[in-house]
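Structure first, commentary second.
The values are calculated or read from the model by the stated rules, or taken from the named source; none is laboratory data. Just so it is clear, the structure is predicted and the values come from calculations on it, not from any experiment. Every residue, glycine as well, gets a Cβ built from its backbone with ideal geometry; the counts of neighbours run over all protein chains shown. To get the accessible areas, we keep the full protein, side chains included, count just its heavy atoms, and leave off ligands, DNA and RNA. Shrake-Rupley method; radii C 1.70, N 1.55, O 1.52, S 1.80 Å.
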Amino acid sequence: MSGTFVGMPAFPVAAREAVGDRTLRGNLRHATRTIRDKRARAVAELDDWAALREAGKQIKDHTLRHLDRYLVQVEEAVTAAGGTVHWAADADEANEIVARLVEETGEREVVKVKSMATQEIALNEALEARGIHAYETDLAELIVQLGKDRPSHILVPAIHRNRGEIRDVFRSEMSEWGRPAPENLTDTPAELAEAARLHLREKFLRARVGISGANFVVAETGTLVVVESEGNGRMCLTLPETLISVVGIEKIVPTWRDLEVFLQTLPRSSTAERMNPYTSMWTGTTDEDGPGTFHLVLLDNGRTDTLADEVGRQALRCIRCSACLNVCPVYERAGGHAYGSVYPGPIGAILSPQLRGTGSEIDASLPYASSLCGACYEVCPVAIDIPEVLVHLRERVVQGGPAVRHGNRVVLKPAKGHAAERAAMRAAQWAFTHPGALRAGQRLASRTRRLHPRTLPGPGRAWSGSRDLPAVPAEPFRDWWQRTRGGKGGAK
């Protein structure tokens, strides 16, 4: 998987710098708290939310177990409806397919719907290298592109920007990309939106090629679904003569009945709306209605490797709602750029290391970008147990072990810099399997508790430097239980 932000350090280093940016922290605090409060109210309207959540989980798990069958069904349905299906094993293959398809049209410009998959494979950069200009049309993605920036949130890629910063970007950069910003542009939302609308309208009317992703693909009919709030996606999906959709293979749902579940849970979890303002669906091609040529690029790029992991595969349930980001205390303070991936926040901390592997410094650090508080699991509309996967990936980083990379079973070596943690875990394992030694150690710790330091020495300073060491009780639990008969009083 490509898409690592070039030059990004490990998460702790990047996060330390981000936490020192007061403007960034203020922007994130205001935005995430507003979104999560609205989401809580929207979810509370449904008495059957827990049942919908469980249904979404079951649908996704069923689809992933039978993905081979549903992928073939999608190909057959799309082809029968007049589309063409392409298979891409990795980012390079996907970028080559898309670039070739654009070049075959003779066009040098494309308009794009917001798409995490195309960001994941760095499609814009690949097209630019071939002399093809890709224009983002989602408002937040437009802000990021004009500002030569990087997305920092799944739903709101420019969440780290405030209105004044957006106004300055529009004033200074719009003229280089097309229609300039109006003179005397202010930072009021209405004026900023109007400036973006005027800038994009000429691109919509001129473009002959559109590129999209998809939120869902319905296997039984080969129908692709995009949900959005602005209408830019509808313009990209209907006006161009050629439409190319790059979609991760995990986005499939078997039937329209299954789709109905997610059309209830996704908008409430993402934008806190009962339904999306624009839900666009298309099936192949139709004469004199929409693009005359449709290509679907089904992207693997590490997904089958992730599917082979019995614990980690649940990350592929993700419907990209971003609810986990908005409740995460780590994301709220560090922002999305610190994660070094187009998938920030808790879901990025488990998805990126599986798609890309844990070989790089930043990917080895992502499973630690969490307090394990569990808030992400509580809000996930498909019940991904993110803390469970984080602990699982931490074990992989520290201990190494069997995994699947590029379709091959391999044995990963432990990551560098975790020798002390590895030794501590082995010592704990030995102690827990020797009850006598554990009992003696507990009693010794209790009797010497007044002598314990407040901070850990050596490598442990990194842990105790930002938190207090837990106080050791006056007596071990075993001794208390024997003395009180489990709190009932009296000696045994």
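Things worth noting here:
- Unpaired by the 4.7 Å Cβ criterion, cysteines found in the chain: Cys236, Cys318, Cys321, Cys328, Cys373, Cys380
- In a DSSP loop and with at most 13 other Cβ atoms within 10 Å, the trypsin sites (Lys or Arg not before Pro) in segment 401-489 are Lys416, Arg454, Arg467, Arg485, Lys488.
- Eligible aspartates and glutamates near Lys413 by straight Cα distance, threshold 12 Å, same-chain separation 8 or greater: Glu395
- Cα-based helix-to-principal-axis angle, 386-399 vs the chain, degrees rounded to 10: 70 degrees
- Each peptide in 336-348, 143-155 was scored by the mean count of other Cβ atoms within 10 Å over its residues; highest first, the order is 336-348, 143-155.
- Estimated inter-spin distance, Arg461 and Arg22, nm [label 7 Å along Cα→Cβ]: 2.9 nm
- Sparse-neighbourhood loop sites, GluC sites (Glu not before Pro) in segment 149-255 - DSSP loop, at most 15 other Cβ within 10 angstrom: Glu183, Glu241
- Solvent exposure of the chain as accessible area per residue, Å², 1.4 Å probe: 48 Å²
- Within the straight-line cut-off of under 16 Å between alpha carbons, the lysines reachable from Lys112 are Lys203, sequence neighbours fewer than 8 places apart in one chain being disregarded.
- Using 0.36 nm per residue and subtracting the Cα-Cα separation, the extra length available between Thr286 and Leu444 on full extension is 49.1 nm.
- Here the spin labels are modelled as points 7 Å beyond Cα on the Cα-Cβ line, and at Glu76 and Gln482 they lie 6.8 nm apart.
- Rolling a 1.4 angstrom probe over the chain with all protein chains present gives an accessible area of which 52% lies on carbon and sulfur atoms.
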